[in-house]
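The values are calculated or read from the model by the stated rules, or taken from the named source; none is laboratory data. It should be emphasised that the depicted structure is a prediction, and the values quoted were computed from it without experimental measurement. All Cβ positions, even for glycine, are placed from backbone atoms using ideal geometry, and neighbour counts span all protein chains on display.
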Amino acid sequence: MVARNREHCVSEAMQDQAEGLRRLLADDFVRIVTLTSGKRGVGKTSALINLAVALAKRGKQVMILDEHQGEHSVVGMLGLTPYYNLTHVLRREHSLEQVMLSGPEGIGVVPAGKSVQALANIAAPDLEWLVSSFAQLAHPVDVVLVDAVAGVASNVLPLSLAAQELVVVVDPKPSSMTDAYALIKVLNQGFARRNFHIVVNRVASAEEAGVVFNNMAEVARRFLKVSLDFMGFVPQDEKMHRATQLGRTVVDAFPASVAAQSFRNLAEKVEQWPRPGGEQGQLEAFMQRLAQSSRATGGEPGRPGRA
Ligand SMILES: Nc1ncnc2c1ncn2[C@@H]1O[C@H](COP(=O)(O)OP(=O)(O)OP(=O)(O)O)[C@@H](O)[C@H]1O
Ligand SMILES: [Mg+2]
């Protein structure tokens, strides 16, 4: 009896060790990046799909969460056909694997549908179900890129608020810069968000990107006491439009183009960002933050948030 007990204890200790080792070796950190903009049409979705492909080509497992629907969504721009969306997962009608579409380079694309707003009123067991759906994905994800709807309306903010890293895409038009500033102001003053990466799209030169960024950074520093991070720029490149027409990315279809090179640079930047501590690097924690943000901003479209 004593011998059997000892055997049992030894095998338990070995199991504990093995489990500890597995945890030590498993790199379950997930980088969660939301791309947003102050106004529509600045090239946010094109930037996102190109960044996704550039990251995938560097060996990352990438998942895209797409808040848009229709022609201008990630799904639409990549020529994919959505059958279901995250709302079906919330309603337990389909699994996350069934909802996720397969994009270029093995990128998983999850159409969010109206699920983000629905999260405001979600019951605890349903949230748990959603969180566990992400936790149990068959293929572990390294990077999640979120295409958030542009603007400062309260119903479009949760995905920006829950993000671990927030990228604001601007183009050199004055209205794009002022709208981006307005968005940063709401996220900072209404919700204490402090870190913002800026990508300047559709510029004629690196100098122009520098001027746009410096203008924004100066105003943010002076009036908000926020320091913006220059993530990089993407030149105006007609290959971008050609790739959109083909339902592809420049990184994939025109790898020698200047735009493709700039997305490879942006992907390298993402990999160099320091890792945030705590639970920030877990997909489950992101879904929980998303539900909280959705509640904090009012949830239903058109309903004012607290900002
Ligand atoms: N650097 C660039 N050079 C040339 N064309 C570009 C560039 N970036 C984006 N475009 C083109 O601009 C158009 C709009 O881009 P996109 O749909 O990505 O914008 P968006 O910000 O996501 O718009 P929305 O807010 O409506 O979702 C596309 O046809 C795209 O090919
Ligand atoms: Mg878009």
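In the range 86-189, counting only helices (runs of 4 or more DSSP H) that sit wholly within it, the ones holding 2 or more residues that are within 16 Å of ligand 1 (Cβ to nearest atom) span 158-162, 174-185.
Does Val116 satisfy the condition of being within 15 Å of ligand 2 (Cβ to nearest atom) and touching a residue at least 12 places away in the same chain (Cβ under 8 Å)?
Working: within 15 Å of ligand 2 (Cβ to nearest atom): no; touching a residue at least 12 places away in the same chain (Cβ under 8 Å): yes.
It is false that Val116 is within 15 Å of ligand 2 (Cβ to nearest atom) and touching a residue at least 12 places away in the same chain (Cβ under 8 Å).
Only residues that are free of Cβ contacts under 8 Å to residues at least 12 places away in the same chain and of a type in the set (Asp, Glu) were counted in the range 198-225, giving 2.
Tallying residues that are hydrophobic (A, V, I, L, M, F, W, C) and farther than 17 Å from Ala162 by Cα within the range 111-130 yields 3.
When residues in the range 232-249 are screened for being over 30 Å from Ala217 (Cβ atoms) and of a type in the set (Lys, Arg), 2 of them pass. Hey, among the residues in the range 42-59 that are in contact with a helix residue (DSSP H, G or I) (Cβ under 8 Å, 6 or more places away or on another chain) and not in a helix (DSSP H, G or I), which one's farthest from ligand 1 (Cβ to nearest atom)? Only one residue fits best here, namely Arg58.
The set of residues from the range 169-196 being free of Cβ contacts under 8 Å to residues at least 60 places away in the same chain and under 20 Å from Lys269 (Cα atoms) comprises Arg194, Asn195, Phe196. Counting the residues of the range 87-104 that are under 18 Å from Leu137 (Cα atoms) and either touching a Phe, Trp or Tyr at 6+ places or on another chain (Cβ under 8 Å) or in contact (Cβ under 8 Å) with a residue 40 or more places away in the chain (or both) gives 10. Pairing each residue of the range 60-80 that is closer than 15 Å to Ala148 by Cβ and modelled with pLDDT under 95 with any residue that is near ligand 1 (Cβ under 9 Å from one of its atoms) and assigned to a loop (DSSP other than H, G, I, E, B), provided the two are 6+ apart or on different chains, yields C-beta distances under 6 Å for Asp66/Ser73; Glu67/Val149. Filtered by the rule that a residue be near ligand 2 (Cβ under 10 Å from one of its atoms) and outside any helix (DSSP H, G or I), the range 71-85 gives Glu71, His72, Ser73.
When the range 256-296 is limited to residues that are part of a loop (DSSP other than H, G, I, E, B) and either under 19 Å from the mean Cα position of the chain (by Cα) or surrounded by fewer than 16 Cβ atoms within 10 Å (Cβ to Cβ) (or both), the one that is modelled with the lowest pLDDT turns out to be Gly277.
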